[in-house]
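In what follows, a single structure is set out as structure tokens and then discussed.
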Amino acid sequence: MNESLVIVGTQFGDEGKGKMTDFYAADADVIVRSQGGDNAGHTIVFDGDKYALHLIPSGIFRKGKINVLANGMVINPKTLIDELGLIKKAGIEDPSLWISDRAHVIMLYHIVMDGLSERIRSGKPIGTTKKGIGPTYRDKVDRIGIRMGDLLDKGRLNDKISMALNYHNRVLEAFGEEPFSASELTERFFAYGQTLKPYIKDTAKLLDERMKIGEKVLFEGAQGTMLCIEHGTYPYVTSSSPTAASVPLAAGVSPQSISSVLGITKAYSTRVGEGVFPTEFDDDVARKIREKGHEYGTTTKRPRRIGWLDTVILNHAKRINGLNYLAVTLLDVLSGLDEVRICTHYRHGGRTIDYVPSSIERFYACEPVYETWPGWDEDISSCTSYEDLPDNCKIYLNRIEQLTDLKIALFSVGADRKQTVVLKNIF
Ligand code: GDP
Ligand code: IMO
Ligand code: MG
């Protein structure tokens, strides 16, 4: 029986999935990213160095592992080639990297289209990362997408690009943008394909073979449950599903092959981009958290919006993802606050509710109901056990467990790989 662990973001992304994936990758044989693209920014810190990965799974720095970019991803080949250069500089010369031939390619017109899609929203932009994510998934569903496997056959690539441009160039010109040349795009993307050729494979089939011989697989989520196209704060979401339920489809593995799901939550909340965020606040405490937690986007450098922990959202993520455990990250950032708050419910139209409304208009109208707990002053960044934590910090963690009815399997007290405290072995 193989064992697999899915790592998902329970909030609005940037929960520390990269750090947790790097941590558990030590015990995995294969690490898989199944959805999203270079809208993701995953930070890994060890031995005094810091890396930000956008496409390559965060297991890449653990030697001797296979890292997979699966079929549900959308891949900007140029970003991927640059990222291969980055890991090479870090000493990973010859990575075991598998890229799905079914994954979709982010083309240059998708990036322009991303900007256009924001412009037509009548002053209500999503605040996307402008990486072309939405338009690439749109073309996938519209069946005019280009797949990684297409990059390897020049004639086929040219035909597919020409077909897509029949549509896209007309739209671009109607909006006053320059049209693209099929032959120029074909040359450029065929060249990317030649560079990436050694890695492009039928990853679903290969993964199945590895699972059959009992290898351990770690699935690294990107984004977070509240950015899910199905269960997030639509339309202020990304264009894929960053949930555990999406993993089998987006990686091409059996639903039975998922053994457990670990939800990553910050000890507070952040959001980057537009959209509803009930526990958001913006005062000196928020600024303190932003600076201490370096809460600036890994991909776009935008300041992240700050909020208190929201257990209505955590319980939504628990239900959608079937969470088995929680990991609490950035706990150290809360040291030095007089008090900490946890949202337990919302007030809406004179009623108390404990779920995430499906209508964004209703969600905007929700007022968070808080519990307030005393803070702690001690620097906890060198704590190595639960017992080391100040009492008020222990109370805070215990309260999260009570409000979610989930066990915290580990918590994190700093960005470094070593600043991780395991409470329960789950993989
Ligand atoms: P991801 O997108 O979920 O992988 O998260 P990001 O890497 O975008 O953002 C998380 C940020 O928090 C990164 O800068 C991490 O280095 C940092 N980080 C992760 N865990 C901790 C922690 O426990 N404490 C502190 N202070 N920083 C952390
Ligand atoms: P990681 O994996 C935080 C947000 C964008 C925007 C919305 C849609 O690092 O947690 P998109 O470019 O996907 O069409 O943008 O989703 N977003 C993220 N926010 N972390 C991410 O990834 C994100 N990926 C997308 O800011 O609000
Ligand atoms: Mg991130």
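The values are calculated or read from the model by the stated rules, or taken from the named source; none is laboratory data. Since we're looking at a predicted model, the values are computed, not measured. Note that we place each Cβ from the backbone using ideal geometry, even for glycine, and neighbour counts take in every protein chain shown.
Of everything in the stretch 311-329, what is touching a helix residue (DSSP H, G or I) at 6+ places or on another chain (Cβ under 9 Å) and of a type in the set (A, V, I, L, M, F, W, C)? Give them in sequence order.
If the condition is that a residue be touching a helix residue (DSSP H, G or I) at 6+ places or on another chain (Cβ under 9 Å) and of a type in the set (A, V, I, L, M, F, W, C), then Ile313, Leu314, Ala317, Ile320, Leu323, Leu326, Ala327, Val328 are the ones that fit.
Of all residues in the stretch 340-362, which are exposed (fewer than 11 other Cβ atoms within 10 Å of the Cβ) and not in a strand (DSSP E or B)?
Of everything in the stretch 340-362, those that are exposed (fewer than 11 other Cβ atoms within 10 Å of the Cβ) and not in a strand (DSSP E or B) turn out to be Gly349, Gly350, Ser358, Ser359, Glu361.
Leu86 is checked against (1) in the same structural domain as Ala250 (by TED's automatic domain parsing); (2) on the phi < 0 side of the Ramachandran plot; (3) in a loop (DSSP other than H, G, I, E, B) and fails just one. What number does that condition carry?
(3)
Based on what the data block shows, is Glu93 over 20 Å from the mean Cα position of the chain (by Cα) and either outside the structural domain of Glu220 (by TED's automatic domain parsing) or surrounded by fewer than 22 Cβ atoms within 10 Å (Cβ to Cβ) (or both)?
yes
Could you grab me the full set of residues in the stretch 207-243 that are under 19 Å from Tyr137 (Cα atoms) and of a type in the set (Gly, Ala, Ser)?
Hits for the stretch 207-243 are Gly221, Ala222, Gly224, Gly232, Ser239, Ser240, Ser241.
Exactly one of (1) within 14 Å of ligand 2 (Cβ to nearest atom); (2) basic (Lys, Arg); (3) surrounded by fewer than 18 Cβ atoms within 10 Å (Cβ to Cβ) is unmet by Arg271. Its number?
The one condition Arg271 does not meet is (3).
Enumerate the helices (runs of 4 or more DSSP H) found wholly within the stretch 143-228, keeping only those where 3 or more residues are among the small types (Gly, Ala, Ser). I'd like the intermediate steps shown before the answer.
Details: elements: 154-174, 182-196, 203-212.
Where helices (runs of 4 or more DSSP H) fall fully within the stretch 143-228 and carry at least 3 residues being among the small types (Gly, Ala, Ser), they are 154-174, 182-196.
Taking the stretch 50-63 as the search range and keeping residues that are more than 14 Å from the chain's Cα centre (by Cα) and modelled with pLDDT of 95 or more, which one is farthest from Glu209 (Cα to Cα)? If you could, list the steps in order and put the result at the bottom.
Pass one, the stretch 50-63, residues more than 14 Å from the chain's Cα centre (by Cα): 50-51, 59-63.
Next, only the ones that are modelled with pLDDT of 95 or more stay: 50-51, 59-62.
Numbers: Lys50: 34, Tyr51: 31, Gly59: 20, Ile60: 20, Phe61: 23, Arg62: 21 Å.
Looking at the filtered set, the residue picked out is Lys50.
Being surrounded by fewer than 23 Cβ atoms within 10 Å (Cβ to Cβ), part of a helix (DSSP H, G or I) and of a type in the set (A, V, I, L, M) is the filter here; which residues of the stretch 108-140 pass it?
Leu108, Ile111, Val112, Met113, Leu116 - these are the residues of the stretch 108-140 that are surrounded by fewer than 23 Cβ atoms within 10 Å (Cβ to Cβ), part of a helix (DSSP H, G or I) and of a type in the set (A, V, I, L, M).
Just one of Thr384, Thr420, Thr352, Thr372 is of a type in the set (Ser, Thr, Tyr) and either under 23 Å from the mean Cα position of the chain (by Cα) or under 21 Å from Gly224 (Cβ atoms) (or both); which is it?
Thr420
State which residue is surrounded by the fewest Cβ atoms within 10 Å (Cβ to Cβ) when the search covers only the stretch 16-52 and only residues that are more than 14 Å from ligand 2 (Cβ to nearest atom) and on the phi > 0 side of the Ramachandran plot.
Gly48
Is there a residue in the stretch 228-251 that is aliphatic (A, V, I, L, M), away from ligand 2 (no atom under 16 Å from the Cβ), without any contact (Cβ under 8 Å) to a residue 12 or more places away in the chain and over 30 Å from Ala286 (Cβ atoms)?
No - not one qualifying residue is present in the stretch 228-251.
Against the condition away from ligand 2 (no atom under 16 Å from the Cβ), of a type in the set (S, T, N, Q) and farther than 23 Å from Thr225 by Cα, how does Ser359 come out, does it pass?
no
Got a sec? Which of Ala28, Ala40 is more than 16 Å from ligand 1 (Cβ to nearest atom), at pLDDT 95 or above and assigned to a loop (DSSP other than H, G, I, E, B)?
Step by step, each of Ala28, Ala40 is checked, and only Ala28 is more than 16 Å from ligand 1 (Cβ to nearest atom), at pLDDT 95 or above and assigned to a loop (DSSP other than H, G, I, E, B).
Test Thr21 against the stated conditions and say whether it is polar (S, T, N, Q), within 14 Å of the chain's Cα centre (by Cα) and part of a strand (DSSP E or B).
On the way: polar (S, T, N, Q): yes; within 14 Å of the chain's Cα centre (by Cα): yes; part of a strand (DSSP E or B): no.
Judged against the criteria, Thr21 is not a match.
Taking the stretch 2-15, which residues are surrounded by fewer than 24 Cβ atoms within 10 Å (Cβ to Cβ) and within 16 Å of ligand 2 (Cβ to nearest atom)?
Matches in the stretch 2-15: none.
Given (1) away from ligand 3 (no atom under 12 Å from the Cβ); (2) touching a residue at least 40 places away in the same chain (Cβ under 8 Å), identify the lone condition not met by Thr300.
(1)
Which members of the stretch 229-245 meet the condition of being in a loop (DSSP other than H, G, I, E, B) and of a type in the set (Gly, Ala, Ser)?
Gly232, Ser239, Ser240, Ser241
Select from the stretch 247-267 the residues that are in a helix (DSSP H, G or I) and not aliphatic (A, V, I, L, M) and write down the one among them that is farthest from ligand 3 (Cβ to nearest atom).
My answer is Gln256.
Go through the stretch 290-310 and report how many residues are crowded, with 23+ Cβ neighbours inside 10 Å and touching a helix residue (DSSP H, G or I) at 6+ places or on another chain (Cβ under 6 Å).
Number of matching residues: 1.
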